[in-house]
Amino acid sequence: MAKQEQEQAKPFVLVAFGARSSDSDEAFPMEHQSEKRRSTLCIGFIAAVFLVLAIIVLTLFLTVFHIQDPIIRLNSMTIQSLEMSPKGTLRTDVSVKLLADVSVKNPNAASFKFYNGTVMVYYGGRVVGEGSYFQGKAKPRRTLRRNVTVEIDPEEFLTDPGFVMDITGSKGLNISSYTRISGRIDIMNIIKRNVLVKFNCSTTFRLSPSTGGLHGDKCKPQLDF
């Protein structure tokens with residue numbers, strides 16, 4: 001009788017063991033799927049972060065880090081101290097000054113610091129005066145204006161035989177200028193670039209009978225010399 005009871009008890013042990021084994025088999029795939037889902041989410045998150053960083057870097061290089069050449073304009077040129085004698089000739093004992101109003105437009109997101117700017121004045125295809133070196137700092141996306149004084153030797157005008165006819169006639173005195181500025185643009189100490197910009201233009205000055213002075217037209221851009 002006792003032997004039969006022991007034999008009847010064994011199936012219950014096997015059944016219980018089999019039930020626990022089946023639960024473990026079902027839990028293992030669920031845990032594996034959860035880990036796989038977490039790995040997929042992690043990879044997707046990292047890919048999204050890299051994509052956002054790539055977009056930010058590309059945007060910076062197309063905007064902030066994209067360096068453009070500054071733009072020079074000669075707004076006006078005024079001739080001062082040019083005096084004529086009663087005989088209609090130019091007085092060589094009085095120095096002639098030309099005042100140039102120069103503007104430097106900086107289209108970049110960083111300041112443009114220039115330290116070597118010159119203005120050269122031409123008449124009749126030769127240099128008659130040169131402006132002193134000027135410097136400055138154009139702020140980001142701002143325009144800086146400078147007045148440059150050019151000393152001109154009156155005798156340089158007289159070397160051209162057509163000077164008197166130009167200044168007294170209707171043709172006018174044709175003056176060309178060449179502006180050159182060299183400087184540097186530094187963006188966050190990451191991108192540094194040396195910049196050289198040039199601008200040429202010509203102005204026609206005419207003698208005003210009412211004031212006796214020379215009045216110039218707007219400086220028109222022209223090709224490089």
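The values are calculated or read from the model by the stated rules, or taken from the named source; none is laboratory data. What you see is a predicted model, and the numbers here were worked out from it, not measured in a lab. Each accessible area value is taken on the protein alone, full model and side chains, heavy atoms only, with ligands, DNA and RNA left out. Shrake-Rupley method; radii C 1.70, N 1.55, O 1.52, S 1.80 Å.
Brief remarks follow.
- Most to least accessible of Lys218, Lys198, Lys97 (protein chains only, probe 1.4 Å): Lys218, Lys198, Lys97
- The listed residues Tyr123, Tyr178, Tyr133, Tyr115 rank as Tyr133, Tyr115, Tyr178, Tyr123 when sorted by accessible area, largest first, using a 1.4 Å probe.
- Solvent-accessible surface (1.4 angstrom probe) belonging to Asp69, in square angstrom, nearest 10: 80 Å²
- Rolling a 1.4 Å probe over the protein heavy atoms leaves Arg126 with an accessible area of roughly 90 Å².
- Phe199, Phe205, ranked by accessible area, largest first (probe 1.4 Å): Phe199, Phe205
- Per residue convex hull volume, Cα atoms of the stretch 121-172, in Å³: 120 Å³
- Our estimate of slack between Lys220 and Val127, defined as 0.36 nm per intervening residue step minus the Cα-Cα distance, is 31.6 nm.
- With 19 Å as the limit, the listed pairs Lys198/Lys220; Lys97/Lys171; Lys105/Lys139; Lys137/Lys192 have Lys97/Lys171 beyond it between alpha carbons.
- Heavy atoms of Ser76: accessible area, 1.4 Å probe, square angstrom to 10: 50 Å²
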